[in-house]
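See structure below.
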Amino acid sequence: MSIKIIECPRDAMQGLHEFIPTEKKISYINSLLKVGFDTIDFGSFVSPKAIPQLRDTTEVLSKLDLSTTKSKLLAIIANKRGAQDASMFDEITYLGFPYSVSPTFLKLNISSTREEAYKTIEYLNNLCASKNKQLVVYLSMAFGNPYGDESSLEAIDEAVEELNQLGIKIISMADTVGIGDVATIGNIFANVVSTFKEIEFGLHLHTTESTYYEKVDAAYKNGCTRFDSVMLGLGGCPMSGKELVGNLSTEHLLNYFHTNNIEVNLNEDEYFKSLLKAQETFSFIHPIS
């Protein structure tokens, strides 16, 4: 199975209160573009009032060096206006939209009901088709939620079927607040991968250092080949109403692949340069030792 790694500096930055200077963002993301990741989740076209850290996404995009990279760019959007803005840029290949079976999460994250969000996805998918882009739907709270909303294999299956009917081809199953257990992750991937063979399923995992290995293993062994990760394991969802849980770190993800002799085609020298650049960029919260 060919592995896709989606490196997510956007997720590392979005919840930080201290603004990272635009030039630092540009330098860091340009270093990531040399590593060979399938995709860089680089920025957001969400309202600056909601995510002030990423208010400079357009400026960052204008100074990225895409001349030699094989990596594609993904930007997060939360509504039609954000999608319209993002779709104007030829450099962006993917638009990412947060969906969920949890009505509480949808209200907190994008001020939407599930029915409204579904209609938005239909619009976004048509927009992407007209602009030569592809929609990535994040099925947030895929492995449980802290709000008491319905969370079951059947509910996830129903949501994926609805997205399948719209023609969505990439769905990233997201453990948004890090509460999914190994059995649930394994069961959900086993079910959706075997049922919806035309859809590419990914894992967007918020996790602690002590539990990442078993969770990645459960996803991979049940057919997941697309993994989101963040250098240094930084980030989380600031709109969940819950304490931020760090992301699956790229270091840990690569350790899993190395331990299991799973090939990933990355430039090792550029990877370590980017890791040092990450430590420099986020030194105010992750001191260089």
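A few points about this structure:
- Residues of the stretch 106-122 that are touching a Lys or Arg at 6+ places or on another chain (Cβ under 9 Å) and either outside any helix (DSSP H, G or I) or under 19 Å from residue 199 (Cα atoms) (or both): 113 alone.
- Members of the stretch 96-126 found to be surrounded by 22 or more Cβ atoms within 10 Å (Cβ to Cβ) and among the hydroxyl-bearing types (Ser, Thr, Tyr), listed by number: 99, 100, 102
- Matching residues in the stretch 171-185 - criterion: being surrounded by fewer than 21 Cβ atoms within 10 Å (Cβ to Cβ) and touching a Phe, Trp or Tyr at 6+ places or on another chain (Cβ under 9 Å): 179, 181, 184
- Scanning the stretch 177-215 for residues that are under 23 Å from residue 165 (Cβ atoms), of a type in the set (A, V, I, L, M), assigned to a helix (DSSP H, G or I) and touching a strand residue (DSSP E or B) at 6+ places or on another chain (Cβ under 8 Å) yields a count of 3.
- Filtered residue count, the stretch 87-105, keeping only those that are part of a loop (DSSP other than H, G, I, E, B) and modelled with pLDDT under 95: 2
- Residue 68 under 29 Å from residue 257 (Cβ atoms) and either of a type in the set (Ser, Thr, Tyr) or in a helix (DSSP H, G or I) (or both): yes
- Scope the stretch 27-45; condition over 16 Å from the mean Cα position of the chain (by Cα) and within 15 Å of residue 276 (Cα to Cα); matching residues: 27, 28, 30, 31, 33, 34, 35
- Complete set of residues in the stretch 160-176 that are free of Cβ contacts under 8 Å to residues at least 60 places away in the same chain and outside any strand (DSSP E or B): 160, 161, 162, 164, 165, 166, 167, 168, 169
- Scanning the stretch 46-58 finds one or more residues that are touching a residue at least 40 places away in the same chain (Cβ under 8 Å), under 16 Å from the mean Cα position of the chain (by Cα) and either part of a helix (DSSP H, G or I) or crowded, with 20+ Cβ neighbours inside 10 Å (or both).
- Considering the stretch 1-45, and only residues there that are among the small types (Gly, Ala, Ser) and assigned to a helix (DSSP H, G or I), the residue that is surrounded by the fewest Cβ atoms within 10 Å (Cβ to Cβ) turns out to be 27.
- Qualifying residue in the stretch 210-230 (condition: over 18 Å from residue 260 (Cβ atoms), in contact with a Cys (Cβ under 7 Å, 6 or more places away or on another chain), in contact (Cβ under 8 Å) with a residue 12 or more places away in the chain and buried (at least 20 other Cβ atoms within 10 Å of the Cβ)): yes
- Pairs meeting the criteria (first residue in the stretch 62-74 and without any contact (Cβ under 8 Å) to a residue 24 or more places away in the chain and more than 23 Å from residue 136 (Cα to Cα), second residue in a strand (DSSP E or B) and among the polar types (S, T, N, Q), beta carbons under 8 Å, at least 6 apart or on different chains) are lacking.
- Qualifying residue in the stretch 138-153 (condition: part of a helix (DSSP H, G or I) and either at pLDDT below 95 or under 20 Å from residue 228 (Cα atoms) (or both)): yes
The values are calculated or read from the model by the stated rules, or taken from the named source; none is laboratory data. For clarity, every value in this text was computed on a predicted model and none was experimentally measured. We place every Cβ from the backbone using ideal geometry, glycine too, and count neighbours over all the protein chains shown.
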